[in-house]
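Written below as structure tokens is the structure these notes are about.
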Amino acid sequence: MQKAKLTFWQMWNISFGFFGVQIAYSLQNANISRIFATLGADPHDLSFFWILPPLMGLIVQPLVGKYSDRTWTRFGRRIPYLFLGSLISIAVMCLLPNAGNFHLAVGGAMIFGLVALMLLDTSINMAMQPFKMLVGDMVGEEQKSKAYSIQSFLVNAGGIVGFLFPFIFAWIGLANEAPEGQIPDTVKYSFYIGAVILMLCVLYTTFKVKEMPPKEYAEFHGIDSNKQETSSPGMLTLLKKAPSTFWTVGLVQFFCWAAFLYMWTYSPGAIADLAWNTTDVKSAGYQEAGNWVGILFAVQSIGSVLWALVIPKFKNIKVAYMVSLLLGAVGFASVLLFGNTDFSMCLSFGNGLHDACYVDMSAQYLLIISFLLIGVAWAAMLAIPFTLLTNSLSGSHIGTYLGLFNGTICLPQIVAAACGGLVLKLVGGVEANMFLVAGALLALGAISVLFVRNRK
């Protein structure tokens with residue numbers, strides 16, 4: 001079958017709902033440590049709260065992939081899972097920031113928060129995975145790189161919006177502090193508005209995208225319906241038959257996602273310590289630092305968008321991958337340098353009797369440079385692995401393989417989260433030092449790119 005090329009807007013519609021899903025995901029990433037620290041969690045225990053999100057992803061995404069491969073309804077095969085996951089996410093986003101408002105003891109509030117977090121990430125993963133599958137289902141190989149670039153842009157744009165919400169709400173006058181054990185209004189309303197946007201974006205994709213019926217899908221992907229297996233092979237069987245790209249890119253993914261897990265976990269405490277000189281979670285400085293973390297994560301997304309324009313300029317995708325990760329490693333390491341730096345740049349006029357300081361760079365603004373570089377690595381992580389993998393797969397089990405590949409994202413985060421408290425002790429109990437650990441992990445990811453073979 002001659003594969004018809006999709007227009008820009010057709011590819012845009014396929015991924016547009018991801019904009020709303022990413023807002024929810026970004027709000028979670030930027031605020032979970034802040035929420036649980038505010039509820040009373042010890043810094044050495046923070047990483048344990050981050051086990052739940054990737055654990056849910058490890059369980060949910062392969063199942064969504066497997067069963068959606070075999071789902072054919074009048075609403076589509078992927079969209080029903082997308083829609084259901086989004087509905088659950090919307091409900092939980094309205095509950096999670098209220099964990100401290102139900103007059104529960106500290107322990108009870110944290111248990112409620114953990115359950116809400118588990119449901120939130122389960123539903124986000126359920127909604128997120130179908131978007132990756134829709135590109136694999138509906139876009140020909142010659143357009144996949146462009147389609148994933150559009151998806152990457154929408155992911156980063158959603159990230160920017162989600163990260164900025166608490167800062168914007170503080171700027172317009174919402175309370176950025178709250179009674180002990182409760183969550184500030186800036187965070188609460190960020191989740192509420194994020195839920196509304198998620199609903200609208202998912203409805204847009206649901207009504208705009210029409211998935212292929214089974215016969216058309218088989219023809220599009222060159223699947224002989226007469227030779228299709230009567231029963232779907234198990235996940236272990238598919239893993240044994242997985243292309244080498246699955247495993248080599250997975251090795252790179254292990255180091256990369258472990259690095260970013262530590263950034264998400266320890267950024268609030270690290271930034272508060274470095275730029276606001278406080279470790280007191282009850283202080284106004286800590287909450288201000290929490291808002292600034294959102295700004296820095298938005299900067300990371302902006303850096304990612306800009307670098308995504310540069311990646312296609314590389315003649316060798318492996319070189320692009322390696323360079324991107326190395327620049328990200330430099331960004332992580334520089335957090336400690338810039339976070340401890342305050343300086344002014346001055347000019348002398350005339351005979352030197354008059355000096356004017358025209359730039360006053362405090363630590364919080366210097367950190368923008370660090371997170372722009374971190375965004376470079378993020379751009380590569382979002383686009384290159386899925387391009388390499390989907391080009392090595394056939395259409396018959398693409399959903400299952402993408403779900404299984406998500407294990408290369410989830411497992412490293414689970415391992416990193418489980419070891420986070422121990423690693424934090426090894427680096428002196430200073431949360432900022434975890435950025436050095438993240439930089440080292442990303443550098444190992446760059447070295448691992450050497451093992452990847454870019455082939456069908």
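The values are calculated or read from the model by the stated rules, or taken from the named source; none is laboratory data. All values derive from a computational prediction rather than experimental measurement. Every residue, glycine among them, receives a Cβ derived from its backbone with ideal geometry; neighbour counts consider all protein chains shown.
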Practice task
For SER15, indicate whether it is in a helix (DSSP H, G or I) and modelled with pLDDT of 80 or more.
Solution key: yes
Exercise for the section: Considering only segment 171-182, state which residues are within 19 Å of LEU96 (Cβ to Cβ) and at pLDDT 90 or above. Expected result: LEU174
Handout entry: Among residues of segment 105-157, those that are among the aromatic types (Phe, Trp, Tyr) and over 13 Å from PHE18 (Cβ atoms), counted
Key = 1
Exercise for the section: Consider PHE49 carefully, then state whether it is touching a helix residue (DSSP H, G or I) at 6+ places or on another chain (Cβ under 6 Å) and either free of Cβ contacts under 8 Å to residues at least 12 places away in the same chain or over 19 Å from VAL209 (Cα atoms) (or both). Expected result: yes
Problem - Matching entry among THR186, THR206 (being part of a helix (DSSP H, G or I) and under 30 Å from THR7 (Cβ atoms)) - result: THR206
Practice task
Determine, yes or no, whether ALA363 is under 20 Å from PHE163 (Cα atoms), surrounded by 14 or more Cβ atoms within 10 Å (Cβ to Cβ), at pLDDT below 85 and of a type in the set (Gly, Ala, Ser).
Solution key: yes
Handout entry: Qualifying position, being at pLDDT 90 or above and within 22 Å of the chain's Cα centre (by Cα), among VAL415, VAL305, VAL319
Key = VAL415
Handout entry: Selection status of LEU373, within 20 Å of TYR321 (Cβ to Cβ), aliphatic (A, V, I, L, M) and modelled with pLDDT of 75 or more
Key = yes
Exercise for the section: Please indicate, with yes or no, whether at least one residue in segment 132-147 is closer than 25 Å to VAL415 by Cβ and under 20 Å from the mean Cα position of the chain (by Cα). Expected result: yes
Exercise for the section: Check VAL299, VAL310 and return the single one that is under 19 Å from GLY159 (Cα atoms), among the β-branched types (Val, Ile, Thr) and either in contact with a Leu (Cβ under 8 Å, 6 or more places away or on another chain) or part of a helix (DSSP H, G or I) (or both). Expected result: VAL299
Exercise for the section: Give segment 158-189 a look and list any residue that's among the polar types (S, T, N, Q) and under 29 Å from PHE16 (Cβ atoms), or say none. Expected result: THR186
Handout entry: Qualifying residue in segment 115-135 (condition: part of a helix (DSSP H, G or I), at negative phi and modelled with pLDDT under 75)
Key = no
Handout entry: Residue in segment 11-42 that is surrounded by the most Cβ atoms within 10 Å (Cβ to Cβ), counting only those that are touching a residue at least 12 places away in the same chain (Cβ under 8 Å) and more than 22 Å from the chain's Cα centre (by Cα)
Key = THR38
Problem - Some residue of segment 81-89 being of a type in the set (A, V, I, L, M, F, W, C), modelled with pLDDT under 85 and either under 23 Å from the mean Cα position of the chain (by Cα) or not in a helix (DSSP H, G or I) (or both) - result: no
